[in-house]
Amino acid sequence: MMNYVGDTTAALASQQQEHAIQIRDLRVVRGERTVLDGLDLTVGRGSITGLLGPSGSGKSTLMRAIIGVQKIVSGKVTVLGAPAGSVQLRDRVAYVTQAPSVYQDLTVRQNLAYFADVLGAPRSDVDRAIDQVDLASYADKLAANLSGGQFSRVSLAVALLGHPELLVLDEPTVGLDPVLRKELWDLFGRIASDGATLLVSSHVMDEAQRCDDLILLREGGMVLAHDTLSNLLERTGAADAEHAFLQLVSEEEIHA
Amino acid sequence: MNVRITLATARRVLTQLGHDHRTVAMLLVVPCLLITLMWWVYDGGPVWGQIGPALLVVFPFIMMFLVTSIATLRERTSGTLERLLSMPTRKLDFLLGYALAFGVVAILQAVLASVLAITLLDLEVAGPVALLLTVAVLDALLGVALGLFVSAFAKTEFQVVQFMPALVIPQILLCGLLLPRADLPTVLEVISDVLPLSYAVDAMNEVQRVSEPSVLGDGTVVLAFTFSLLALGATTLRRRTG
């Protein structure tokens, strides 16, 4: 009997292990507004999932809930088999906010060296991460003296330190030129093929084709669709992600 | 508590200061200049001898309060605090990192201001100089703890400086700088009894006036306020926000 119970628990645990993110009935209220109302979501490991939707659709709030820095009203958020934000996840999950959160009055290298120390990552990660975001020639410049796009890449580089199993990136390519955007998406692809999971929000719909899966959110934190791009295009008959999104919104309105 | 993260945080705060020469000057040079100004105002006379110790407390206290409150407010508003708390950083690592970094600054500040007062400005000190320095550092750390604490109650830098007239200046007026606390009207004396800066100044006065000073009582009160403010400050660092 004991054995049986033990086996079930183990089976259950390994089942949860398969998912990078599992959300059940998540409700978040900010001020007077219900941002997410009963959201369900499952994201498998080792993939890039794009989180698309207009501003105000709750993308950032959803990401904050996954990191465990968002107060939630109800629901269950499980990340890599553990409750979101729990101690054992702190160096396994990396998070980049929309507004860059690094120190303006430190150089690029000093910023990364500090966060590497906090994460317990080796110092060799510092130069590797600086190279990955293409800032090697700015490594000893004060972050305050960088351009907006360079500054946000410092913040992104922090998420590349150590070996995060899940990277949650809130609009990491906003304000970057097309060449750099392509390079970063190539980098995201390499990180995912090494086995990590990425959840990347964007409102640039053409970035959708770089994702394995798409989550389309609409205002009120409703999941309009969670599917591959090709399936979405087939289902809606649209030519690209943007039109698929518009198509789904109008279908939704007709049903409502 | 994680020693690696605490030390990394202290080093990081000091590196930030190193890039900001104006703030370093405000922390180290300005208290010395203000103390010299007061010495000049009283022409180095008997009043200088009476208020000198209080000045060694008050000016560093103000500077530490200002710099700490604004530095930690910036951590809160720039998202770096949230990022650190989503990493393996514990609240205590963060607070102690700051306390340690500004503790180093406080030691430098205390040495500079005390040496200046004792040598060039002829402040007579009956007690041991080492004790004077210890008391000065404790008092500056009180400013650090108060600054860390109030930063939780401000949303902007504009709001945080408003705590100067609200919380700091009343303490300065009642700490015994203008009038010995025993000579204050009874109500004000009672109020000054519950303000931490009063004990900081009492301890400093004791070291200056008594050749074998006993600062255990006042020092303990100052330390207790410092730890309580840090502990209260820790409760205002929230990982999960709305």
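The values are calculated or read from the model by the stated rules, or taken from the named source; none is laboratory data. Predicted model, so just to flag it, every value in this text is computed and none were measured. Ideal geometry is used to build each Cβ from the backbone, glycine not excepted, and the neighbour counts take in all protein chains shown. Note: areas computed on protein heavy atoms with side chains; ligands, DNA, RNA excluded. Shrake-Rupley method; radii C 1.70, N 1.55, O 1.52, S 1.80 Å.
Quick one: would you say A:Leu106 is open to solvent by less than 20 Å² (accessible area, probe 1.4 Å) and more than 12 Å from chain B (Cβ to nearest Cβ)?
So A:Leu106 fails the test.
Checking the condition part of a helix (DSSP H, G or I), within 19 Å of the chain's Cα centre (by Cα) and not hydrophobic (A, V, I, L, M, F, W, C), which residue from B:Arg4, B:Arg83, B:Arg22, B:Arg12 passes?
B:Arg22
Of all residues in the range B:30-53, which are in contact (Cβ under 8 Å) with a residue 40 or more places away in the chain and either hydrophobic (A, V, I, L, M, F, W, C) or within 30 Å of B:Thr80 (Cβ to Cβ) (or both)?
Of everything in the range B:30-53, those that are in contact (Cβ under 8 Å) with a residue 40 or more places away in the chain and either hydrophobic (A, V, I, L, M, F, W, C) or within 30 Å of B:Thr80 (Cβ to Cβ) (or both) turn out to be B:Pro31, B:Cys32, B:Ile35, B:Trp39, B:Trp48, B:Ile51.
From B:Ala117, B:Ala99, B:Ala130, which residue is more than 14 Å from chain A (Cβ to nearest Cβ), within 12 Å of the chain's Cα centre (by Cα) and in a helix (DSSP H, G or I)?
Result of the check over B:Ala117, B:Ala99, B:Ala130: B:Ala99.
Among the helices (runs of 4 or more DSSP H) lying completely within the range B:173-242, list those that include at least 2 residues that are open to solvent by 70 Å² or more (accessible area, probe 1.4 Å).
B:186-193, B:216-236
Does A:Leu89 meet the test of being within 11 Å of another protein chain (Cβ to nearest Cβ), of a type outside the set (Val, Ile, Thr), under 19 Å from A:Leu198 (Cβ atoms) and in contact with a strand residue (DSSP E or B) (Cβ under 8 Å, 6 or more places away or on another chain)?
yes
Provide a single number: the residues in the range B:205-242 that are more than 30 Å from A:Ala84 (Cβ to Cβ) and within 14 Å of another protein chain (Cβ to nearest Cβ).
0
Considering (1) in contact (Cβ under 8 Å) with a residue 60 or more places away in the chain; (2) surrounded by fewer than 21 Cβ atoms within 10 Å (Cβ to Cβ); (3) within 14 Å of chain A (Cβ to nearest Cβ), say which one B:Gly18 fails and leave the rest.
Going through (1) in contact (Cβ under 8 Å) with a residue 60 or more places away in the chain; (2) surrounded by fewer than 21 Cβ atoms within 10 Å (Cβ to Cβ); (3) within 14 Å of chain A (Cβ to nearest Cβ) one by one, B:Gly18 breaks only (1).
So B:Leu28 fits all but one of (1) touching a helix residue (DSSP H, G or I) at 6+ places or on another chain (Cβ under 6 Å); (2) crowded, with 20+ Cβ neighbours inside 10 Å; (3) more than 29 Å from A:Pro164 (Cα to Cα); (4) not aromatic (Phe, Trp, Tyr); what number is the exception?
So B:Leu28 meets the others, but not (2).
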